[in-house]
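One structure is given below, encoded as structure tokens.
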Amino acid sequence: MNKQREVVYGYRNEVLTTESPRDLVNEIIEETISAKVSEYLTNRDKDSEDYNELLHWVNSTLPLRISAEDIKIGQEDNEEELSNFLIGKVKETYETRVADLPLEVLDQEERRMVMAAIDKQWQAHLYNMDALREGVGLRAQGQKDPLIEYKNEAYNLFVTLMDSIKQD
């Protein structure tokens, strides 16, 4: 828990002290979209041209409306090209939406947005860790070392936490 707390609070401090929150937001956009495209294309049948799950995620999560035809144009089923296409579209849309805002307001809003995601997900993570701590004792009855099981599951929860923060 202490290591996880150090990482999360280090990330919070980075958000608060960074000169350019826009760079941080762009980094999050790139990481998140690339990971999701990889996840959806890895699970997809290679013979299928069906992008429905990816399209649903893009259209429900991102500030875009993309159709299957938009994805197929020039993508050649290349994961990196598709990621770059979506990242470019998201950044273009983001720049258009924030173009009229003063830079000081935009910096504050970007910081607030990332901090809110961190705080919300961190609180949920702490609740999950309490539940894990209470339930890990049952693992001993299953002939498993409770400490090892706790560490493994805590790590998996932490990875999920960091992904969730970036998703938000």
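With θ set to phi - 60°, apply the Karplus curve 6.51 cos²θ - 1.76 cosθ + 1.60 along the stretch 10-24 and write out the HN-Hα couplings as whole Hz, x wherever there is a Gly or Pro.
Result, rounded to whole Hz: x, 5, 4, 5, 4, 5, 6, 9, 5, 6, 10, x, 4, 4, 5.
Roughly speaking, what is the stretch gain from Ala35 to Ala68, that is 0.36 nm per residue apart minus the C-alpha to C-alpha distance, in nm to one decimal?
9.9 nm
Under a GNM of the chain (C-alpha, springs under 10 Å), which listed residue has the highest mean-square fluctuation: Val90, Val15, Val136?
Result: Val136 has the largest fluctuation of those listed.
Hey, which of these cross-link pairs are over 30 Å Cα-Cα: Lys3/Lys36; Lys3/Lys144; Lys89/Lys151; Lys144/Lys166?
Violating the 30 Å limit, Cα to Cα: Lys89/Lys151; Lys144/Lys166.
For Ser60, Ser83, Ser67, give the ranking by accessible area with the largest first, probe 1.4 Å.
Ser60, Ser67, Ser83
Tell me, what % of the accessible area of the chain is carbon and sulfur with a 1.4 angstrom probe?
Its accessible area is 49 percent carbon and sulfur atoms.
Which value at 222 nm does the chain reach when only helices count, each DSSP H run of 4 or more adding -39,500 (n - 2.57), with the total divided by all residues and rounded to the nearest 500 deg cm²/dmol?
Here the helix-only value at 222 nm equals -26000 deg cm²/dmol.
Would you please give the FRET efficiency between Ala116 and Leu157, computed as 1/(1 + (r/R0)^6) with r the Cβ-Cβ distance and R0 = 35 Å, to the nearest 0.05?
After rounding, the FRET efficiency stands at 0.95.
Convex hull volume of the Cα atoms in the chain, per residue, in Å³?
Dividing the Cα hull volume of the chain by its residues yields 137 Å³.
How long are the semi-axes of the equivalent ellipsoid of the stretch 92-168, taking √(5λ) for every eigenvalue λ of the Cα gyration tensor, in whole Å from largest down?
Working from the Cα gyration tensor, I get semi-axes of 40, 11, 7 Å.
With every protein chain kept in place and ligands, DNA and RNA left out, what is the accessible area per residue of the chain? Probe 1.4 Å, answer in Å².
64 Å²
Please return the longest stretch of the chain lacking exposed loop sites, where trypsin sites (Lys or Arg not before Pro) count only if DSSP places them in a loop and at most 13 other Cβ atoms lie within 10 Å.
Counting only loop sites that pass the neighbour cut-off, the longest clear stretch is 66-143.
Give the range of the longest stretch in the chain that excludes all GluC sites (Glu not before Pro) found in loop regions by DSSP and having at most 12 other beta-carbon atoms within 10 Å.
Excluding the exposed sites themselves, the longest stretch runs over 77-168.
The values are calculated or read from the model by the stated rules, or taken from the named source; none is laboratory data. All figures in this text were calculated on a predicted structure; none of them were measured in a lab. Cβ: placed from backbone, ideal geometry, glycine included. Neighbour counts: every protein chain shown. Note: accessible area is taken over every heavy atom of the protein model, side chains too, but ligands, DNA and RNA are not part of it. Shrake-Rupley method; radii C 1.70, N 1.55, O 1.52, S 1.80 Å.
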